[in-house]
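Report on the structure given below.
The values are calculated or read from the model by the stated rules, or taken from the named source; none is laboratory data. Small disclaimer: the values here were computed from a predicted structure and weren't measured. Neighbour counts are summed over all protein chains in view; Cβ atoms, including those assigned to glycine, are modelled from backbone coordinates with ideal geometry.
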Amino acid sequence: MTPPDCQLYLISPLDVSGAFPDRLARALDAGPVAAFQFRVKDIDEHAAARLAEPLLAICAARDVAFIVNDSISLAKRLGADGVHLGQDDGDVADARQRLGREAQIGVTCHASRHLAMEAGEAGADYVAFGAFFGSSTKDTQHVADIDLLRWWSNLFELPVVAIGGITPANCEPLVAAGADFLAVSHAVWGGDEAQAVRDFAQAIANGHALRG
């Protein structure tokens, strides 16, 4: 996950049952997507694994990285491409030891330069800042400023993910400021997922043009 340009990082809705595998396939076939994060809550690991396995296969068939939210043990069980850790979900060193050198390990850093630098020093593969906008997916407890993206991308080579209320209509400044990935959920799954991915692809291209 070290791209030359900004890419889309899809985060699952909390309900990935029913027809969701078909929706995921449709989204991934609609345009470029770098990674998919499996994020479910309040179910045990066995149930989570059953839900994750068909989604993992869909991602693998399309060369899309499959990242597990929060759970190092579930990521290991699935043979996932990596894990995304919140500040209370374990540490990078433990994840690296259990998942191996090739695993992609990301860390939520909210709006904190200090947490991001700590994550980088610990060996994270990317840091995530946000929320940049109000989100319908999670309560917004931390608000990140676009200058944070500029600061990070100018000083560090470690990829940075922008998250929080991002839509095709508001993402261009984040791309222009240096975001390597846009992490999005409701903006895709809240409507026509294929059209949303196409809209993001166009907006990301517009944002790249602004970087110049």
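For the range 141-174, name all the residues that are out of contact with any Asp or Glu (no Cβ under 8 Å at 6 or more places or on another chain), buried (at least 16 other Cβ atoms within 10 Å of the Cβ) and within 19 Å of R113 (Cα to Cα).
A144, I146, L148, L149, W151, W152, A162, I163, G164, L174
Could you pull out the residue among D63, D89, D125 that is under 17 Å from the mean Cα position of the chain (by Cα), acidic (D, E) and modelled with pLDDT under 95?
Working: D63 fails: modelled with pLDDT under 95; D125 fails: modelled with pLDDT under 95.
Result of the check over D63, D89, D125: D89.
Hey, L210 hits all of (1) surrounded by 22 or more Cβ atoms within 10 Å (Cβ to Cβ); (2) farther than 30 Å from P21 by Cβ but one; which does it fall short on?
L210 satisfies all of (1) surrounded by 22 or more Cβ atoms within 10 Å (Cβ to Cβ); (2) farther than 30 Å from P21 by Cβ except (1).
Can you tell me which residue in the range 1-24 is surrounded by the fewest Cβ atoms within 10 Å (Cβ to Cβ), limited to those that are β-branched (V, I, T) and within 15 Å of F181 (Cα to Cα)?
Taking the range 1-24 as the starting set, the residues that turn out to be β-branched (V, I, T) are 2, 11, 16.
When the remaining residues are screened for being within 15 Å of F181 (Cα to Cα), the result is 2, 11.
Numbers: T2: 10, I11: 21.
Going through the qualifying residues, I end up with T2.
Return the only residue of G134, G100 being exposed (fewer than 14 other Cβ atoms within 10 Å of the Cβ) and touching a Ser or Thr at 6+ places or on another chain (Cβ under 8 Å). Steps first, please.
Values: G100 fails: touching a Ser or Thr at 6+ places or on another chain (Cβ under 8 Å).
Matching residue, one of G134, G100: G134.
Is the range 25-48 home to any residue that is surrounded by 14 or more Cβ atoms within 10 Å (Cβ to Cβ) and farther than 27 Å from T167 by Cβ?
Yes, that holds for at least one residue.
Is there any pair with a first residue in the range 111-130 that is touching a residue at least 24 places away in the same chain (Cβ under 8 Å) and farther than 25 Å from R101 by Cβ and a second that is in a strand (DSSP E or B) and polar (S, T, N, Q) whose Cβ atoms are under 9 Å apart and which are 6 or more apart or on different chains, and what are they?
F129/T108; G130/T108
Would it be correct to say that D89 is crowded, with 21+ Cβ neighbours inside 10 Å and not aromatic (F, W, Y)? Outline the logic, then answer.
Working: crowded, with 21+ Cβ neighbours inside 10 Å: no; not aromatic (F, W, Y): yes.
For D89, the condition - crowded, with 21+ Cβ neighbours inside 10 Å and not aromatic (F, W, Y) - is not met.
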